Amino acid sequence: HVAGLRALVADDNATNRLILNAMLGALGVRTTMVVDGACAIDAWAPGAFDVVLLDISMPEVDGIGALGRIREIAAAAPQPAPRAIAVTANAMKHQIDSYFEAGFDGYVGKPFRRDDLARELARVVGRG
């Protein structure tokens, strides 16, 4: 039930981008793939995406920094903040809590599985 969603995906690892793009594509999600948080900020525009998936650990601008800046841009528009999913290998409870505190709506742990990705997407965008 996530087919047709538009997702902005940022991950600095080329293999992760390939895997995420393939998994999301198989779910019918249209993706815009970018290589880091700075590119995610540049690519994001109000109304252009239903959800953003951000790797937490990226050089220069990490996922938390990118989401913060995207949320500032949305607020200035004014537009609702985008739904956001943290994609991370750092999935201990205190880390996950910090992602929610930073404005993320959900998270998917690495290594990711398509079922987990589909479930979290559906939950976060309210199509579950």
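The values are calculated or read from the model by the stated rules, or taken from the named source; none is laboratory data. Nothing here was measured: the structure is a model prediction, and the numbers come from that model. Cβ placement follows ideal geometry from the backbone for every residue including glycine, while neighbour counts extend to all protein chains displayed. These accessible areas exclude ligands, DNA and RNA; they are computed on the full protein's heavy atoms, side chains included. Shrake-Rupley method; radii C 1.70, N 1.55, O 1.52, S 1.80 Å.
Here Thr32 meets each of (1) modelled with pLDDT of 95 or more; (2) surrounded by fewer than 19 Cβ atoms within 10 Å (Cβ to Cβ); (3) closer than 18 Å to Ala122 by Cβ with one exception, condition (3). In the list Ala7, Ala45, which residue meets the criterion of being touching a helix residue (DSSP H, G or I) at 6+ places or on another chain (Cβ under 9 Å), of a type in the set (Gly, Ala, Ser) and within 13 Å of Val87 (Cβ to Cβ)? Result: Ala7 is the single residue among Ala7, Ala45 that is touching a helix residue (DSSP H, G or I) at 6+ places or on another chain (Cβ under 9 Å), of a type in the set (Gly, Ala, Ser) and within 13 Å of Val87 (Cβ to Cβ).
Selection of segment 60-91 for residues being open to solvent by less than 40 Å² (accessible area, probe 1.4 Å) and either basic (Lys, Arg) or touching a strand residue (DSSP E or B) at 6+ places or on another chain (Cβ under 7 Å) (or both) yields Gly63, Ala66, Leu67, Ile70, Pro82, Ala84, Ile85, Ala86, Val87, Thr88.
Within segment 88-104, the set of residues being modelled with pLDDT of 90 or more and either of a type in the set (Gly, Ala, Ser) or farther than 11 Å from Leu53 by Cβ (or both) comprises Lys93, His94, Gln95, Ile96, Asp97, Ser98, Tyr99, Phe100, Glu101, Ala102, Gly103. Sort through Ala66, Ala45, Ala86 and tell me the only one that's among the small types (Gly, Ala, Ser) and assigned to a strand (DSSP E or B). Exactly one of Ala66, Ala45, Ala86 is among the small types (Gly, Ala, Ser) and assigned to a strand (DSSP E or B), namely Ala86. Looking only at segment 92-128, residues that are in contact with a strand residue (DSSP E or B) (Cβ under 9 Å, 6 or more places away or on another chain) and among the hydroxyl-bearing types (Ser, Thr, Tyr) come to 2 in all.
Taken together, Val35, Val52 contain a single residue that is touching a residue at least 24 places away in the same chain (Cβ under 8 Å), in contact with a strand residue (DSSP E or B) (Cβ under 9 Å, 6 or more places away or on another chain) and farther than 14 Å from Pro82 by Cα, which is Val35. Consider Lys110 carefully, then state whether it is exposed (fewer than 15 other Cβ atoms within 10 Å of the Cβ) and among the basic types (Lys, Arg). Judged against the criteria, Lys110 is not a match.
Entry remark, segment 1-11: residues being touching a strand residue (DSSP E or B) at 6+ places or on another chain (Cβ under 6 Å) and open to solvent by 50 Å² or more (accessible area, probe 1.4 Å) number 1 in total. On the stretch given as segment 70-83, residues that are under 10 Å from the mean Cα position of the chain (by Cα) and either aromatic (Phe, Trp, Tyr) or part of a loop (DSSP other than H, G, I, E, B) (or both) total 1.
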